[in-house]
Amino acid sequence: MENKDKMKLANDGLPEHEKPLFCDARPQTYKPLGKYVEKFLNWARANSLWILGYGTGCGAIELRPLMTARFDMFRWGLAPRPTPRQAGVFVIGGYMSVKTLKRVIRSYEQMQGPKFVIALGSCTINGGMYWDSYNTINRLDHYLPVDIYITGCMPRPEALIAGFNKLKAMIKAQQTDGQNEYARNFDWYKANQKKIVKDWNMPDYNW
Amino acid sequence: MKEFIEKLIDKYAIKPMHSRHANQVFLTIKQDRLPDALTWLRDFAGYTHLAFITAVDYPEIEKIQLTYMVHNYQENTDIGLRVLLDRRQPEMISVHHLWQHVATYQRELHEMFGIDFPGSPRLKENFALEGWQDVPPMRRDFDTKEYAEKTYFPRPGRETHDPREYMKQKLYPDPKEEK
Amino acid sequence: MEHGLLISIIYAFISLSVATIWGLLLGGIMMKVVARAHGRFGPPFWQPIIDIIKNNARRTSISHGIMYFLGPVFRIAGGMGTFLFIPFIYGSMVFGNFSFAGDLFLVMYFIFFGQLGMALGAGESGHPYSAIGVARGLSQMTAFELPFALSIISIVIQYGTLNITSIVAAQQGGILHWTLFTNPLATIAALIALQGMNMHNPFSIVIAPQEIPIGPPTEYHSNFLGLLQTNRGLFNIAKLALFMNLYFGGATNLFSMLIKTFGIYMITVIVGASFPRFRTEQSIRFFLGVPTVIGILAVLVTGYF
């Protein structure tokens, strides 16, 4: 980060005429505001988690029961949100193919911080039953900063609720900060992402 | 069904069929006669629905086998027409003019097996794999495990069992070892 | 009400804050009511306020241009403008707000104004759903303005004034003096128009959850969205207060205001829970049909009898 050229992103995947259309700034890290202010804000963040409605794998089917009368996620302040701009929690539902990962990265980077990632199922941890497949990734934490893993194949809605409550506790205790982690290790994450997403035809940091 | 199949065999000089069910037959046909046969089946014999096209790779005999499955709604019968392609340069006549959805199957086959269908629309576009640079992944000489281990950062500590041996051990343990 | 400018500003500020908080809590209470009807617990009733704090506490936000930035500002200006010229509580020093001879027209204009600003801002965000939502919203608005305007004309003829405070004053002195009983046709036409204004089912074509997920504010986030949500509470209460004043005899104290706004909002919630969504053209045809006829009848009845 010493000189200015290093601050700019190359955006090599884009054609030349599209380069000026996109932002080339790197993600920044953010310091907490003040002890008590941040504590109050974290309380608000923890009690109003908006999930991005993007089902990436079979685990998306486990999110639907959460909205029904039986599990009722609204009472914990969770709500689905149709656009990444407004969402704060990205629930990765199970196995992720390379094609999906590309869209996931794009959506994740469009989310406004502080943002959190919950990964469901053994597929996101070590590949699960698709560990030796040619098109599904093995470890999600090489591509995105994951806050909570919920194990199972697939985890039941009760497990999801437990995971969300754990995430809330972590936010309140200020133990998790995916946005800053992503910004700090940006080069490492980007190298990993680019290693498997072969046709990188989007800006390096799309926000 | 039987007379009809004989008629088909007469018409297109098809190699002997084999069938496991009364209403399902598989026939192997010469590569260049396939569009004729499919047209005839569709327009005159009532096989109006192409259920799927699939491929099997046989590296032992250097062939790729394509199966075109057509279905007759009136008689509720299926006919699978098989073609053997050369594996080194797999190329097949496109039949997208008969059924529109064939173009999509052919796109997938092109991506997964590397079979070329000249003239098929949008054939070279990405289907499921974006920017794939390796051997087409459904070819049998492509080692998925090796590729996955090389590419996807496997998490250390994974234990893998051969399902057959593992179930044998779990369900029927060797009595001598138990003592 | 003769007092200094500073005092007026302070009173307006208090009035605005109370209205906003009550509007947000009303939204939360309705979510709770609907949840209990579904047989679940639902979010806590202060959830909208937490959401606003959270959205304003987001670390980053992106602007797509000047109009995008001004969209929420226009929206909240429209909300404030609507609210500040409606007597929130009749005869109250603090909640009486501003009043002058033709404020009913100004309020009708302000109801439209916020939507228009939002339309321009959402248009600049460039999301296709925003454009679709804006087109739907504006066409629906033109449709429900017709029965609403006819109803207003009817009560203006009835009371012979364009001042909301005078209209409220004319309705005092017993439940049978309310417009609801003295001019039921105008009330029915306006209440149907209110369903369209509140954009709940069956007129939720603007945000249409399963079609164009949330419509115009698709690209709005962080503090922009926080501002829009604040306005949702304020604007909602402004509309309810307007209807309370015009048709339900206004409110003379805080308690009756709470009860009346709650009751009027409850109509929207019950209608919304009972009907599925209209398509755009169905919704517009609906407003131009029966409600408009009722509105014309109301004008004729008050004009000739």
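The values are calculated or read from the model by the stated rules, or taken from the named source; none is laboratory data. Fair warning: this is a prediction, and the values are worked out from it, not measured in the lab. Cβ coordinates were reconstructed from backbone atoms using ideal geometry, including for glycine residues, and neighbour counts include every protein chain displayed. Side chains included, ligands, DNA and RNA excluded: accessible areas come from the protein's heavy atoms. Shrake-Rupley method; radii C 1.70, N 1.55, O 1.52, S 1.80 Å.
Quick rundown of the values:
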{"item": "Magnitude of the charge dipole, the protein assembly as shown, Cβ model with Lys/Arg +1 and Asp/Glu -1, debye to 20", "result": "1440 debye"}
{"item": "Minimum 50 Å² accessible area buried by the other protein chains, region C:33-75 residues, probe 1.4 Å, relative to alone", "result": "C:Arg40, C:Ile50, C:Ile53, C:Lys54, C:Ala57, C:Arg58, C:Arg59, C:Thr60, C:Ile62"}
{"item": "Accessible carbon and sulfur surface of chain C relative to its total accessible area, %, 1.4 Å", "result": "74 percent"}
{"item": "Long-range amide H partners of B:Thr77 with built H, under 5 Å", "result": "B:Asn72"}
{"item": "In Hz, Karplus ³J(HN,Hα) per residue of region A:80-97 (6.51, -1.76, 1.60; θ = phi - 60°; x = Gly, Pro)", "result": "x, 9, x, 10, x, 4, 9, 7, x, 10, 9, 9, 8, x, x, 3, 9, 7"}
{"item": "Interface area, C with A, accessible, probe 1.4 Å, both sides summed, Å² nearest 100", "result": "2600 Å²"}
{"item": "Percent RCO, i.e. relative contact order, over chain C, from Cα pairs under 8 Å lying at least 6 residues apart", "result": "28 percent"}
{"item": "Accessible area buried, both sides summed, chains B and A with 1.4 Å probe, Å²", "result": "2300 Å²"}
{"item": "Accessible surface of region B:2-178 [probe 1.4 Å, protein heavy atoms]: carbon and sulfur percent", "result": "49 percent"}
{"item": "Net charge over other residues, Cβ less than 12 angstrom from the Cβ of A:Val89 (K, R count +1; D, E count -1)", "result": "+4"}
{"item": "Taking chain B and dividing mean pair separation by its residue count, relative contact order in percent (alpha carbons under 8 Å, at least six apart)", "result": "14 percent"}
{"item": "Threshold 50 Å² - residues in region A:67-112 whose accessible area is reduced by that much or more when the chain is no longer isolated, probe 1.4 Å", "result": "A:Ala69, A:Phe74, A:Arg75, A:Pro82, A:Arg85, A:Gln86, A:Lys99, A:Gln112"}
{"item": "Computed [θ] at 222 nm, deg cm²/dmol, chain A (DSSP H ≥ 4; -39,500 (n - 2.57); rounded to nearest 500)", "result": "-11000 deg cm²/dmol"}
{"item": "Cα pair distances in region C:5-304, grouped into 20 Å bins until the bin that holds the longest one, percent each", "result": "33, 60, 7, 0"}
{"item": "Rounded accessible area per residue of chain B, 1.4 Å, Å²", "result": "62 Å²"}
{"item": "Rg(Cα)/(2.2 N^0.38 Å) for the protein assembly as shown, N = residue count", "result": "1.25"}
{"item": "Karplus (6.51, -1.76, 1.60) ³J(HN,Hα), θ = phi - 60°, over region B:21-35, in Hz, Gly and Pro reported as x", "result": "10, 5, 10, 9, 10, 10, 10, 9, 10, 6, 3, 7, 8, 4, x"}
{"item": "Share of carbon and sulfur in the accessible heavy-atom surface of region A:14-85 [1.4 Å probe, %]", "result": "61 percent"}
{"item": "Threshold 40 Å² - residues in region B:114-139 whose accessible area is reduced by that much or more when the chain is no longer isolated, probe 1.4 Å", "result": "B:Glu130"}
{"item": "Given A:Lys8/A:Lys198; A:Lys168/A:Lys195; B:Lys30/B:Lys150, the pairs whose alpha carbons are separated by over 30 Å", "result": "A:Lys168/A:Lys195; B:Lys30/B:Lys150"}
{"item": "Accessible area (Å², per residue) of chain C, counting only protein heavy atoms and a probe of 1.4 Å", "result": "41 Å²"}
{"item": "Long-range tail of P(r) for region B:2-178 (Cα pairs > 25 Å, %)", "result": "49 percent"}
{"item": "Residue-by-residue Karplus 3J(HN,Hα) for region A:141-157, coefficients 6.51, -1.76, 1.60, Hz, glycine and proline x", "result": "6, 7, 10, 9, x, 9, 8, 9, 9, 10, 7, x, 9, 8, x, 6, x"}
{"item": "Cα gyration tensor shape of region A:1-80, rounded if a/c is under 1.5, else prolate or oblate by comparing a/b with b/c", "result": "oblate"}
{"item": "Entries in A:Lys31/A:Lys166; A:Lys39/C:Lys260; A:Lys102/B:Lys124 that, when Cα-Cα distance is taken, lie over 31 Å", "result": "A:Lys39/C:Lys260"}
